[in-house]
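Working notes for the structure below.
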Amino acid sequence: MQRIAMLGGGFIGRFYAESLHGQRSRDRVVAIYARREETAKKFADDYGCSVWSTDMEEVIAHPDVDMVCIALPNNLHEPAVQLCAKHKKNVVCTKPLGRNADEALRMVQVVEEAGIFAGYLEDLCYTPKFLKAMESVKNGALGRILWAKSRETHPGPHSNWFWDKEQAGGGCMLDLGCHCVEIARNFIGKDVRPVEVMCWAATQVKPIDAEDHAIALVKYENGAIGQFEVSWTFRGGMDLRDEVMGTEGTIWINNFLRTGFEMFTTGKGADYVAEKAESNTGWLFPVGDEVNDLGYNHMFTDMFFAAEEGREAAETFYDGYVVNAILDAAYKSAETKQWEPVNLPVWRGKEGLSQEQTLTDYDEQHYLIKEEVTHDGRHKVILKEKASGKIVERDLV
Ligand SMILES: NC(=O)c1ccc[n+]([C@@H]2O[C@H](COP(=O)([O-])OP(=O)(O)OC[C@H]3O[C@@H](n4cnc5c(N)ncnc54)[C@H](O)[C@@H]3O)[C@@H](O)[C@H]2O)c1
């Protein structure tokens, strides 16, 4: 059993608490820190916390607490992690880990020096669909991964601090791109070095300093490419989609807006539909169990078992730092309009990979390019002559 202190009683703090107390969970949120007394008190009442306070350090240091869960605005992640290290409390922190890679790296270093457990709460790398997809990728069902694309777009976040570049550290790219980058890293291989990024970002709609729409390509050392599309100006709900393409197969995942659950209502008895849903009348796309479908249950299960077994969770602070470094390069590229290198002063993955090429022999003289049965019933192959390099085709009978 973990006795958890929740730091932050807002949107994600409550989602996390729903997951932590859901079903027949043995873990309990015993303490809550929030900035405002009424938020802390209400959270404590709703989730049965015995400790509530507007003093963060008091909550972290409380003897009843053995795991701290950071659900605070982005600019408060680092100070909260520093306090956890000071009081030697295990910690799990929501995304993005830092506002930039410098902050994130300091967090990696301080938890490692303190010898405490530190998990990165990247829930979208724990959804049931993601976990199943990862299993197929690991088993080789898709062959060599060439391209991993992830999209997260919605009509914008629910609290003022997200829209303030200083507190949030960026706009939709940091807020949503961090999920997409980590999803692609998992599919491509977390030990494969991200090399450079090309990014377009713009403030198309909202009166803010940060970007509200961005698209980027992330090149990996083995030749694979990651891609993300993020927006705070998308209309129609929350669109979470992933695509993975390999030499032997393809995966398409729709996590939220089209889950196979469609409903129409005139609006009678209209209620909450799903996160960021823009309407509760007409055709709707509810989500069966948001807490589970967004990965929170599987995420906390992995985090707490890892802490208890003395191993790392699947998502660590180090992963959060790599994600921040990729996004730092994306921000730079959006400014310079050039491919920008990913700066990773600490890198623990493979070194010196080169672009893999797999040539399929057709016979001694030829490589196979493609085999196809055409609509007129022909079975043909397209081949490359090894000696001359000439491309030829042959009908098979
Ligand atoms: N899927 C996800 O993993 C996911 C989803 C949403 C948010 N988040 C992350 O969770 C963190 C919190 O986001 P949220 O949506 O819960 O925000 P929120 O505004 O709903 O809640 C933030 C809470 O932090 C506390 N707080 C303490 N000091 C504060 C301050 N100076 N300003 C504002 N709040 C302060 C308050 O209790 C507040 O309720 C962010 O880092 C965000 O990126 C993650």
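Each reported figure results from applying straightforward, stated rules to the coordinates on display, with no laboratory input. Note that the structure is a prediction, hence the values are computed from the model and not measured. Glycine also receives a Cβ, built like all others from the backbone with ideal geometry; neighbour counts cover every protein chain displayed.
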To make sure I understand the rule: partners must be aspartates and glutamates, Cα under 19 Å from the Cα of LYS129, and not fewer than 8 residues away in the same chain. Which ones qualify? GLU152, GLU182, ASP239, ASP242, GLU243, GLU262, GLU275, ASP289, GLU290, ASP293, ASP302, GLU315
DSSP beta bridges in the chain, what fraction antiparallel, as a percent rounded to 5? 65
Against the longest principal axis of the chain, how steep is helix 37-47, in degrees 0 to 90 to the nearest 10, with axes from Cα atoms? 70
To test your reading of the geometry: what angle, between 0 and 90 degrees and rounded to tens, separates the Cα axis of helix 317-336 from the longest principal axis of the chain? 70
Using 0.36 nm per residue, how much length does the chain from GLU278 to GLU37 gain when fully extended, once their Cα-Cα distance is taken away? 83.7 nm
Heads up, the chain by the C-alpha gyration tensor (a ≥ b ≥ c square roots of eigenvalues; a/c under 1.5 rounded, else a/b over b/c prolate, else oblate) looks prolate
Net charge near ILE12, counting Lys/Arg +1 and Asp/Glu -1 over other residues with Cβ under 10 Å of its Cβ? +1
Can you give me the relative contact order of segment 37-170 as a percent, contacts being Cα pairs under 8 Å and 6 or more apart? 21
To the nearest 10 degrees, the tilt of helix 11-20 (Cα long axis) against the first principal axis of the alpha carbons of the chain is 90
Quick one: if you stick a label point 7 Å off each Cα along the C-beta vector at THR266 and THR250, how many nm between them? 4.2
Surrounding net charge for ALA306, when Lys and Arg each add one and Asp and Glu each subtract one, Cβ distance under 12 Å: -4
Extension gain GLN338-ALA387, at 0.36 nm per residue separation less the Cα-Cα distance, in nm? 13.8 nm
